[in-house]
1. Which of the residues belonging to segment 90-103 are without any contact (Cβ under 8 Å) to a residue 60 or more places away in the chain and under 8 Å from the mean Cα position of the chain (by Cα)?
2. What's the number of the only condition in (1) over 12 Å from the mean Cα position of the chain (by Cα); (2) open to solvent by less than 10 Å² (accessible area, probe 1.4 Å); (3) hydrophobic (A, V, I, L, M, F, W, C) that A143 fails to meet?
3. List, please: which pairs have Cβ atoms under 7 Å, are six or more places apart or on different chains, and start with a residue in segment 304-327 that is closer than 11 Å to Y358 by Cα and end with one that is of a type in the set (S, T, Y) and open to solvent by less than 60 Å² (accessible area, probe 1.4 Å)?
4. Any chance you could count how many residues in segment 158-208 are of a type in the set (D, E, K, R) and at positive phi?
5. Condition first: farther than 20 Å from F166 by Cβ and in a strand (DSSP E or B). Now tell me which residues in segment 48-67 satisfy that.
6. Look at segment 146-157 and say how many of its residues are open to solvent by less than 20 Å² (accessible area, probe 1.4 Å) and either at pLDDT 95 or above or at positive phi (or both).
7. With respect to S215, is the statement that it is modelled with pLDDT under 95, over 14 Å from the mean Cα position of the chain (by Cα) and either aliphatic (A, V, I, L, M) or more than 28 Å from T244 (Cα to Cα) (or both) true?
8. Scanning segment 30-47 for residues that are in contact (Cβ under 8 Å) with a residue 40 or more places away in the chain and not in a helix (DSSP H, G or I), which turns out farthest from L151 (Cα to Cα)?
Amino acid sequence: MSAIEKIVSNQKDGLSQVEKVILECENNNIEILTPDMSEYPSKLLEIDDYPAALYVQGQKDLLSWPLSISIVGTRKPLSSAVVATEALSRALASAGFSIVSGGALGIDTAAHIGALCNGGKTVCVLGCGINSDYLSSQKPLRAAVSKSGLLISELPPKTAPVKYTFPKRNRIIAALSLGTIVMDAGIKSGSLITAKAAMNYNRDVFATSPFEIGSSNEGCKQLLKDGAIKVSSAFDVVNEYLSTYAEYIDIENSVDLFLELSKINSRENLEDAGAGIESYKTQLSSGIVPKIKKLDHAEHDTGSLSKEAVDIFSAFSDKPLSVNELACIKKYPMGTLLGALTELQLNGFLQMLPNAKYFVK
């Protein structure tokens, strides 16, 4: 019996279950990596409880990319924290970092989107099996990551999550990264488990100031008291690795390294922050509400979108809309609505403004 068969046979019923899992992987372009394989990430072998098997889908060469940083936080962040996370992730990805997160709602989603929208590298570590039905609103995000980045799980495909699988997932996020950045996080946030694991693995821990992102940020406040590195801009992170990883860091082509997260809602700050996020700089001509030409939906090819995304996109005219406003216009469950909005962002139809409203790109 091969190493893969031995690992998978422990899941349920022996070889018949092995065959089912291997067939599922083959049918969905999922590879199984075990610690005896050269492609298994060496960073994970540095921890005592490294996964006995990894199921991966996408660009598996990202497992060996030396410049990885994780960004984590609450599932229910302040809107300013979402925008700040997207900006931070976008800046770090453009500088050469691979952005690692957990694919959850809130901060995790913002981290992945920030990297993907900039054509950067991102790794999503799941607390469920790849192709699981868990959290259907995140399927568009997971699909985008599997194409342009990498999905990872230590659980066989389609495995549903249980309570303990998420803390276990967090150790992988921490171990794969040089450091972990905690954004908006409460004192009981699961992201603090990731930060603690990072500390135990001798990785760096970063945190935003509670006065920069929001008053709910008590978890980050505690991390800063415990010695976490304060992040006011992307350059605070880049500066920690500039000397050691200079060959992988692209300062010249990076964007917004000096953009202060505390002023992300300020038009003046966005215009003065070096290169700037181009879409913000060109669209923000009057406060935080852009002047948008009357929308002609016929100009947009929506053939690749789900029917829900197409329907929600049809709600947009010449003004930005918030999630709550869209929920009043289109009577979808919130999970379906959020999933469609993520799909529209990832496919380049919509962009989020600093006031957490969406507008047509």
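The values are calculated or read from the model by the stated rules, or taken from the named source; none is laboratory data. The structure displayed is predicted, hence computed values, not measured ones. Cβ placement follows ideal geometry from the backbone for every residue including glycine, while neighbour counts extend to all protein chains displayed. Keep in mind that these areas ignore ligands, DNA and RNA; they rest on the heavy atoms of the full protein, side chains included. Shrake-Rupley method; radii C 1.70, N 1.55, O 1.52, S 1.80 Å.
1. Those that are without any contact (Cβ under 8 Å) to a residue 60 or more places away in the chain and under 8 Å from the mean Cα position of the chain (by Cα): I99, G103.
2. Of the numbered conditions (1) over 12 Å from the mean Cα position of the chain (by Cα); (2) open to solvent by less than 10 Å² (accessible area, probe 1.4 Å); (3) hydrophobic (A, V, I, L, M, F, W, C), the odd one out for A143 is (2).
3. F313/T302; P320/Y358; L321/Y358
4. 1
5. Listed by number, the list holds a single entry, G58.
6. Number satisfying all stated conditions: 4.
7. yes
8. Only one residue fits best here, namely I47.
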